[in-house]
1. ALA6 - would you say it is among the hydrophobic types (A, V, I, L, M, F, W, C), modelled with pLDDT of 90 or more and either under 11 Å from the mean Cα position of the chain (by Cα) or open to solvent by less than 40 Å² (accessible area, probe 1.4 Å) (or both)?
2. Do you know which residues across the stretch 9-52 are in a loop (DSSP other than H, G, I, E, B), open to solvent by 60 Å² or more (accessible area, probe 1.4 Å) and modelled with pLDDT of 90 or more?
Amino acid sequence: HWPETAAELGSIARQLTSAGHFISFEYLAGWLYFHELAHADFNTGGDSNRECTGVVAQADDGSVLQVANMDQTPVAVRNL
């Protein structure tokens, strides 16, 4: 899924930067993979069963919005 994920992260970074909040692609990629690793249970070789909730919606102007909470640590980023 890397090309699609990279395109999505690049778009998110551009949108946030255009709104005055500089966020780099690399920063978002780091958080993404931290998040993926945080949901793995390497001690047992299985999944830790931690999940996140996501919603996809379409606005009146046709734009598509996707939001999700991040059930992870640190607590400060759980509801980005």
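The values are calculated or read from the model by the stated rules, or taken from the named source; none is laboratory data. None of these values were measured; they are calculated from a predicted model. Surface areas here come from the heavy atoms of the whole protein model, side chains and all, with no ligands, DNA or RNA. Shrake-Rupley method; radii C 1.70, N 1.55, O 1.52, S 1.80 Å.
1. Yes.
2. ALA19, GLY20, HIS21, PHE22
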